[in-house]
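Engineer: Before anything else, here's the structure in question.
The values are calculated or read from the model by the stated rules, or taken from the named source; none is laboratory data. Owing to the predicted nature of the structure, the values given are computational and were not obtained by experimental measurement. Here the Cβ positions follow ideal geometry from the backbone for every residue, glycine too, while neighbour counts run over all protein chains shown. Heads up: the accessible areas ignore ligands, DNA and RNA and are worked out on the full protein's heavy atoms, side chains in. Shrake-Rupley method; radii C 1.70, N 1.55, O 1.52, S 1.80 Å.
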Amino acid sequence: MAPTMDTVPTVDVKEMPEEAHPMNGGDDLNSYSQNSCYQKGVIDAAKTVILEAVTEKLDLENNANFDPSKPFRIADFGCSTGPNTYFAMQNIVEAVDQKYKSQLGKSQPEFHVFFNDHVNNDFNILFRSLPQDREYFAAGVPGSFYTRVFPKASLHFAHCSYALHWLSKVPNEIQDKNSPAYNKGRIHYTGTEKHVVKAYFSQFQKDMGSFLKARAQEIVGGGLMVIQIPGLPSGEVLFSRTGAGMLHALLGSSLMELVNLGVITEESVDSFNLPQYHPSIEEMEMVIEMNNNFTLEKAGALNHPMKNLPFDVQMTSLQVRAVMEGILTDHFGENILDPLFEIYTKKLQENYNVFDKDIRRDADLFLVLKRKSN
């Protein structure tokens, strides 16, 4: 028997020491807001998924949790600095508005949209760029989405795009010199070291479990959640043979070049690992089934609009810097950034032909979940 809202265990903040590595703030050349067109493509590709989910799976007529006289509440978990979150929220608002008109014959309800991210996210940039013509009331909700950040049964729709692959922390075993999962000489997993991959997946499983437990308490019965996450394509494809895997590998080799130049120490690289995991659909399905508070309504891979474009070296380098600058600065200091990404851009160019082929293997996964009713 599935647990009800009242029996879902509360996530204890103290159980999970958090690492927070928000995207690069501001709006300058190296900012995330200026270098997130790939993530924007994910949101564009998911627009149809959201429309179909709301049209087919959101039952407004037979569920007391959806009262048209009260606000319809939406949350974007891991919103970052914009503007991508605004496109996603507008897609949801438009889909729900259509649903209210078609199913209830009523005009749209008032919408309340909550933007969630870590406390050190650049919320100033986020709210300075809020659309003036938005059709919703906006609020910021700081805090880790691996814990509760909303009252019980307060959300009707949850959204999370390109954020859940960030783990709450690097697995402990990865940095333990006495562990078979010690990841010396690499900053991530490639898919061939079974102990390393197992440690990463174990952390991902714990984090996803915490995420789902928290959302199960916050989302009303019958409410929806749409997740987009970078993952592995179907079939036996190693992470190292995807574009994302190669981007991480070249970042590691660029750091080692700085070691050879005497800029940083080898020990500092050995103690640096990326807290990311790119799951398969099967792994996501397993974690959702174990949680037992949601039904998985639909899952698959998005048709990203940039997949058929030529590989752009400079754009890719800027995007990786916008995503990774915070975590690199925290570990190595900001003085390495310019020389590091000069080397990195050169390596991307040298590997152009490989990237132009392997980047096509990347899978942008989507999942539509529905909160089970009491």
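Engineer: Filter segment 67-90 down to the residues that are touching an Asp or Glu at 6+ places or on another chain (Cβ under 8 Å) and part of a helix (DSSP H, G or I) and list them by number.
Structural biologist: Result: 85, 87, 88, 89, 90.
Engineer: Of (1) among the charged types (D, E, K, R); (2) outside any loop (DSSP other than H, G, I, E, B); (3) surrounded by fewer than 16 Cβ atoms within 10 Å (Cβ to Cβ), residue 283 satisfies all except one. Which?
Structural biologist: Status for residue 283: all satisfied but (3).
Engineer: For segment 19-37, give me each residue that is surrounded by 20 or more Cβ atoms within 10 Å (Cβ to Cβ) and within 18 Å of residue 305 (Cα to Cα).
Structural biologist: The answer is 35, 36.
Engineer: So which pairs qualify, if the first residue must be in segment 48-68 and touching a residue at least 60 places away in the same chain (Cβ under 8 Å) and under 14 Å from residue 103 (Cβ atoms), the second must be among the hydrophobic types (A, V, I, L, M, F, W, C) and in a helix (DSSP H, G or I), the Cβ gap must be under 6 Å, and the two must be at least 6 apart or on different chains?
Structural biologist: 54/95; 54/96
Engineer: May I pose another question? Given the conditions (1) more than 18 Å from residue 165 (Cβ to Cβ); (2) buried (at least 21 other Cβ atoms within 10 Å of the Cβ), which single one is not true for residue 48?
Structural biologist: Here residue 48 clears every test but (2).
Engineer: Here are some residues: 328, 348. Which one is crowded, with 19+ Cβ neighbours inside 10 Å, free of Cβ contacts under 8 Å to residues at least 60 places away in the same chain and either in contact with a Lys or Arg (Cβ under 9 Å, 6 or more places away or on another chain) or more than 23 Å from residue 44 (Cβ to Cβ) (or both)? Give the derivation first.
Structural biologist: Numbers: 348 fails: free of Cβ contacts under 8 Å to residues at least 60 places away in the same chain.
Checking each option against the conditions leaves just 328.
Engineer: Being in a loop (DSSP other than H, G, I, E, B) and either open to solvent by less than 30 Å² (accessible area, probe 1.4 Å) or modelled with pLDDT under 95 (or both): is that true of residue 64 here? Give the steps one after another, and end with the answer.
Structural biologist: Values: in a loop (DSSP other than H, G, I, E, B): yes; either open to solvent by less than 30 Å² (accessible area, probe 1.4 Å) or modelled with pLDDT under 95 (or both): yes.
In short, yes.
Engineer: Follow-up question, since we're still on this one. Considering segment 298-316 alone, what residues qualify as being open to solvent by less than 60 Å² (accessible area, probe 1.4 Å) and within 27 Å of residue 52 (Cα to Cα)?
Structural biologist: Listed by number, the residues that qualify are 299, 300, 302, 304, 306, 307.
Engineer: Identify, please: which residue in segment 250-280 is open to solvent by 20 Å² or more (accessible area, probe 1.4 Å) and touching a Lys or Arg at 6+ places or on another chain (Cβ under 8 Å) and is, among those, farthest from residue 157 (Cα to Cα)?
Structural biologist: Out of the qualifying residues, it is 253.
Engineer: Let me ask something else about it. Show the residue pairs that are 6+ apart or on different chains and have beta-carbon atoms under 7 Å apart, the first residue being within segment 281-307 and under 16 Å from residue 224 (Cα atoms), the second being open to solvent by 70 Å² or more (accessible area, probe 1.4 Å).
Structural biologist: Matching pairs, first to second residue: 291/213; 296/285; 299/285.
Engineer: Just for segment 82-94: of the residues that are surrounded by 22 or more Cβ atoms within 10 Å (Cβ to Cβ) and modelled with pLDDT of 95 or more, which one is farthest from residue 140 (Cα to Cα)? Talk me through it step by step, then tell me what you get.
Structural biologist: As a first pass, look at segment 82-94 and keep what is surrounded by 22 or more Cβ atoms within 10 Å (Cβ to Cβ): 82, 84-85, 88-89, 92.
Of the ones still in play, those that are also modelled with pLDDT of 95 or more are 84-85, 88-89, 92.
Numbers: 84: 15, 85: 12, 88: 16, 89: 14, 92: 18 Å.
The selected residue is 92.
Engineer: Quick one: count up the residues across segment 139-166 that are of a type in the set (A, V, I, L, M, F, W, C) and over 22 Å from residue 34 (Cα atoms). Outline the logic, then answer.
Structural biologist: Filtering segment 139-166 down to residues of a type in the set (A, V, I, L, M, F, W, C) leaves 139, 141, 145, 149-150, 153, 155, 157-158, 160, 163-164, 166.
Next, from what is left, pick out any that are over 22 Å from residue 34 (Cα atoms): 139, 141, 145, 149-150, 153, 155, 157-158.
Final tally of qualifying residues: 9.
Engineer: Which of (1) in contact (Cβ under 8 Å) with a residue 12 or more places away in the chain; (2) within 22 Å of residue 19 (Cα to Cα) is the odd one out, the single condition residue 176 does not satisfy?
Structural biologist: (1)
Engineer: Test each condition in (1) under 19 Å from residue 170 (Cα atoms); (2) in contact with a Pro (Cβ under 8 Å, 6 or more places away or on another chain); (3) surrounded by fewer than 22 Cβ atoms within 10 Å (Cβ to Cβ) for residue 292 and report the one that comes out false.
Structural biologist: (1)
Engineer: May I ask you to verify whether residue 211 is open to solvent by 10 Å² or more (accessible area, probe 1.4 Å) and hydrophobic (A, V, I, L, M, F, W, C)? Explain how you work it out, then say what you get.
Structural biologist: Working: open to solvent by 10 Å² or more (accessible area, probe 1.4 Å): no; hydrophobic (A, V, I, L, M, F, W, C): yes.
Considered against the rule, which asks whether it is open to solvent by 10 Å² or more (accessible area, probe 1.4 Å) and hydrophobic (A, V, I, L, M, F, W, C), residue 211 comes out as no.
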